[in-house]
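Working notes, beginning with the structure itself.
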Amino acid sequence: MWKRLTLLWSMVRGDARALWFALRHPAAPVWLKIGTGLIAVYLLSPIDLLPDTIPLLGVMDDLVIVPFAIRFLLDRLPPGIRADVERRVGRRKP
């Protein structure tokens with residue numbers, strides 16, 4: 001189980017870093033900035049899909065939705081920006 005959590009954490013950390021570089025790219029589209037802002041608002045908002053008062057499930061929705069939202073935004077980057085981000089992060093997407 002710890003191995004899976006470690007793998008998930010490294011994936012999320014790498015995707016968050018790639019999103020940060022994509023946001024700082026001079027040709028970053030407006031929809032990317034809006035989407036990233038919506039992710040930040042969702043994380044900071046007291047309103048969740050599942051309330052945090054429900055033990056374990058309240059936190060799990062954040063742990064599932066946020067990585068998928070980050071991946072969703074990264075998968076829709078224009079090819080030029082994606083290549084620059086992948087070169088900057090130091091990874092290649094299969």
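When the Cα positions of ILE65, GLY14, LEU32 are compared along the charge dipole of the chain, GLY14 comes out farthest toward the positive end, with charges on each C-beta of Lys, Arg, Asp and Glu.
The magnitude of the dipole of the chain, with charges of +1 and -1 set on the Cβ of Lys/Arg and Asp/Glu and taken from the Cα centre, is near 660 debye. Whole-Hz Karplus values for region 11-18 come out as 5, 5, 5, x, 5, 5, 5, 5 Hz, taken residue by residue from phi with 6.51 cos²θ - 1.76 cosθ + 1.60 and θ = phi - 60°; glycine and proline positions read x. Couplings 3J(HN,Hα) for region 69-82, derived from phi with the Karplus relation 6.51 cos²θ - 1.76 cosθ + 1.60 (θ = phi - 60°), are 5, 5, 4, 4, 5, 5, 6, 9, 5, x, x, x, 5, 4 Hz, where x marks Gly and Pro.
Rounded to the nearest 10 degrees, the inclination of helix 30-44 to the longest alpha-carbon principal axis of the chain is 20 degrees. Restriction of the trypsin sites (Lys or Arg not before Pro) in region 18-92 to DSSP coil positions whose beta-carbon has at most 10 other beta-carbons within 10 angstrom yields ARG92.
Short-range pairs are left out: with C-alpha atoms under 8 Å and at least six residues apart, the relative contact order of the chain is 41 percent.
Each value in this text was obtained by applying a stated rule to the coordinates, not by laboratory testing. These figures come from a predicted structure and were not determined experimentally. Quick reminder, even Gly has a Cβ in these numbers, built from the backbone with ideal geometry, and neighbours come from all protein chains shown.
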